[in-house]
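Here is the structure we will look at.
The numbers here are math on the coordinates, done by the rules we state, and not lab data. On a predicted model such as this, the values are computed, not experimentally measured, just so you know. Heads up, the Cβs are rebuilt from the backbone with ideal geometry, glycines too, and the neighbour counts pull from every protein chain shown.
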Amino acid sequence: MKELLQVLTPGEPDWLVATQLDPKRLPAHVAIIMDGNGRWARQRNYPRILGHKAGVNSVRKVVETCAQLGLEALTLYAFSVENWKRPRHEIEGLWRLLRFYLKRELPNLMRNDIQLVAIGRLESLPAGVQEELHSVMDQTACNRGMRLNLAINYGGRTELVDAVNTMLYNARLEGNLDSLEITEEGIAAHLYTAGVKDPDLLIRTSGELRVSNFLLWQIAYAELYVTETLWPDFNRTELLEAICEYQNRERRFGGLARTSTSSLDQPASFLLEEEALELPLA
Ligand code: IPE
Ligand code: IPE
Ligand code: MG
């Protein structure tokens, strides 16, 4: 947080939003469904790939800002397992852009102490993309600042299938298949995001009200922020505004509001009495 305030100029819009944030209640993990590149391009009569290209600049800005805020983790949805349904030339353009991004960003990742981890079924990606990804993952593996998860060929359902299959495989290998017990902790420990806290805040750009197979397990209690802004137009100001809104939400995790002091919330012994069951509900 301190680092971000150092790069902002007092009085400018981003500084004004940033100073409203409570540094002690920042989300540890932000996840983003980066959507709307195609619509951004269509609005300008550009080919879709130019929308994706413009989206890369938003990625750079958001990654840098999250690192400056001191977040523990940022997970970006870059390509879903369902995105293979798109035309071949669009997909090939995306791989070219990804390789370009990885090459160009490595020095920035190192400077900002960011560890890049690609999550998804990487083995199905073109060989050149896999090589570039593994090279950047290896070179940033010792960075101890923010962890940047790049979800590529990612699906929430395939992640769960992979986790369960890994558990079965390990149990078989260790000869304790019969006593294998599936627990929430066990599943979480075998997801691609093992060891990373669940996202506190899930942002989706371009207004779609769905999760599109993203981090299905991990977002169980994430706060959702959907904006009409298309991904290439998403900037630092809006990221800070999203975090500001997050800080105004009351997270209950299934419990009750901490501020609840109403006598109506106190133990109500009368409800045990038989006639209480006859109380009109409305
Ligand atoms: C998101 O933008 C990027 C990827 C899915 C790769 P879209 O390409 O989905 O953009 P829209 O939804 O068509 O506007
Ligand atoms: C979600 O966007 C996937 C990514 C952002 C990578 P889509 O554009 O693929 O999602 P749908 O098809 O609108 O649900
Ligand atoms: Mg889309």
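Could you list the square roots of 5 times each eigenvalue of the Cα gyration tensor of the stretch 149-230, that is, the equivalent ellipsoid semi-axes, sorted largest first and rounded to whole Å? Kindly include the intermediate steps, with their values, before the conclusion.
On the way: eigenvalues 194, 29, 18 Å².
Ellipsoid semi-axes (Å, largest first): 31, 12, 9.
How large is log10 I(q)/I(0) at q = 0.11, 0.13, 0.14 Å⁻¹ when the Debye formula is applied to the Cα atoms of the stretch 1-103, each weighted equally and without solvent?
The Debye formula, applied to the Cα set alone, gives -0.45, -0.61, -0.69.
Around Ala41, what is the net charge, scoring Lys/Arg as +1 and Asp/Glu as -1 over all other residues with Cβ under 11 Å from its Cβ?
+4
Out of all DSSP beta bridges with both ends in the chain, state the antiparallel percent to the nearest 5.
0 percent
Between Glu90 and Asp22, with labels modelled 7 Å along Cα→Cβ, what's the label distance in nm to one decimal, could you check?
Distance between label points: 4.2 nm.
Report the calculated FRET efficiency for Ser212 and Leu279 (r = Cβ-Cβ distance, R0 = 35 Å), to the nearest 0.05. Before the final figure, lay out each step's value.
On the way: r = 44 Å, r/R0 = 1.25.
The pair Ser212/Leu279 has a calculated efficiency of 0.20.
Just report the Cα centroid separation between the stretch 110-173 and the stretch 184-217, whole Å.
14 Å
How would you order 218-224, 197-203 from highest to lowest mean count of nearby Cβ atoms within 10 Å?
Going by the mean number of other Cβ atoms within 10 Å, highest first, we get 197-203, 218-224.
What fraction, in whole percent, of alpha-carbon pairs in the stretch 53-116 exceed 18 Å separation?
Value for the stretch 53-116: 42 percent of Cα pairs lie more than 18 Å apart.
Kindly count the pairs of lysines across the chain whose alpha carbons are less than 24 Å apart, treating pairs on different chains or eight or more residues apart as eligible.
10
Once the Cα gyration tensor of the stretch 114-184 is found, what semi-axes does its equivalent ellipsoid get, as square roots of 5 times the eigenvalues, in whole Å, sorted largest first?
28, 15, 12
Contour minus end-to-end for Asp162 and Asp113, with contour as 0.36 nm per residue of separation and end-to-end as the Cα-Cα distance?
Taking Asp162 through Asp113 to full extension adds about 14.7 nm, to one decimal.
According to a simple spin-label model (label point 7 Å from Cα along Cα-to-Cβ), what is the distance in nm between Glu82 and Arg44?
Here the modelled spin labels are 2.7 nm apart.
Classify the stretch 2-276 as rounded, prolate or oblate, taking a ≥ b ≥ c as the square roots of the eigenvalues of its Cα gyration tensor: rounded when a/c is under 1.5, otherwise prolate if a/b is larger than b/c and oblate if not.
The shape class here is oblate.
Evaluate the relative contact order of the chain (contact order divided by residue number), counting alpha-carbon pairs under 8 angstrom at least 6 apart; express in whole percent. Don't skip to the answer; put the middle values down first.
On the way: 388 pairs, mean separation 71.7, N = 282.
For the chain, the relative contact order is 25 percent.
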